[in-house]
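Working notes, beginning with the structure itself.
The values are calculated or read from the model by the stated rules, or taken from the named source; none is laboratory data. Given the structure is predicted, the values throughout are model-derived calculations rather than measurements. Glycine gets a Cβ as well: all are built from the backbone with ideal geometry, and neighbour counts include every protein chain shown.
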Amino acid sequence: DTGVSQNPRHKITKRGQNVTFRCDPISEHNRLYWYRQTLGQGPEFLTYFQNEAQLEKSRLLSDRFSAERPKGSFSTLEIQRTEQGDSAMYLCASSPHGGRVTNEKLFFGSGTQLSVL
Amino acid sequence: EDQVTQSPEALRLQEGESSSLNCSYTVSGLRGLFWYRQDPGKGPEFLFTLYSAGEEKEKERLKATLTKKESFLHITAPKPEDSATYLCAVQAYGSARQLTFGSGTQLTVLP
């Protein structure tokens, strides 16, 4: 178990550019989540996948954001036409299939810190 | 809308000085309340899940309790390595898998 891996760890971009982040979940986990965290705040939910299906997406999520999880393995989060307000830590988390048992023990990666200049 | 409020925002303790962190929540129907620990530059690390009022869970120097409106994280005889930000989150019925987090309490334990 190598944990949740996120790349890159840091990304600096200019306003208006597109960026893409990658998340590799724990191998046997079928659930994958993206959260965003700004300084001094708790993580804010962005979207959730079960296997390759995107089942939930935050109403706050701009249409400039898109996420994919092809084949139910790794996931990518793309931000188009970045804005300074997009600067944040983007966290990925995964959890195992829980059946009917409510167990949302999320395993988080160390995040990708995005700075938009 | 689900809301989570944590207090205090920051807490400084001397090593061995016990204290409690508070998490007040408003949720339509509580599916679970979660405590996480977050170290600087890292993602949150799971500590506890509580499901119903009256439930308690313990891990080393930490004990989490739950009522119908709030949860407490009690820290007994803390050590400097307990220094971190402690986050509380709730999951509501009908919200699928979404967690709503509070802003956290930044705990510093001085030697």
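A:Glu44 falls short on exactly one of the conditions (1) closer than 23 Å to B:Thr85 by Cβ; (2) away from chain B (no Cβ under 14 Å), and that condition is (2).
Among A:Leu114, A:Leu60, which is the only one that is under 22 Å from B:Gln6 (Cβ atoms) and either within 14 Å of chain B (Cβ to nearest Cβ) or in a strand (DSSP E or B) (or both)? Let's see the steps before the verdict.
Values: A:Leu114 fails: under 22 Å from B:Gln6 (Cβ atoms).
The match here is A:Leu60.
Screening A:Gly72 on (1) closer than 26 Å to B:Ala10 by Cα; (2) more than 11 Å from chain B (Cβ to nearest Cβ); (3) in contact with an Asp or Glu (Cβ under 8 Å, 6 or more places away or on another chain) shows it passes everything except condition (1). Restricting segment A:1-31 to residues that are hydrophobic (A, V, I, L, M, F, W, C) and at pLDDT 95 or above, the residue that is surrounded by the fewest Cβ atoms within 10 Å (Cβ to Cβ) is A:Ile12.
If I ask for residues that are within 14 Å of chain A (Cβ to nearest Cβ) and small (Gly, Ala, Ser), which ones from segment B:72-111 would you list?
Taking segment B:72-111 as the starting set, the residues that turn out to be within 14 Å of chain A (Cβ to nearest Cβ) are B:84-106.
Passing the criteria: B:Ala84, B:Ala89, B:Ala92, B:Gly94, B:Ser95, B:Ala96, B:Gly102, B:Ser103, B:Gly104.
Note on segment B:54-67: residues that are free of Cβ contacts under 8 Å to residues at least 24 places away in the same chain and either touching a Leu at 6+ places or on another chain (Cβ under 6 Å) or within 14 Å of B:Ser24 (Cβ to Cβ) (or both) amount to 3. Counting only strands (runs of 3 or more DSSP E) wholly contained in segment B:1-89, the ones carrying 2 or more residues that are at pLDDT below 95 occupy B:30-38, B:45-50.
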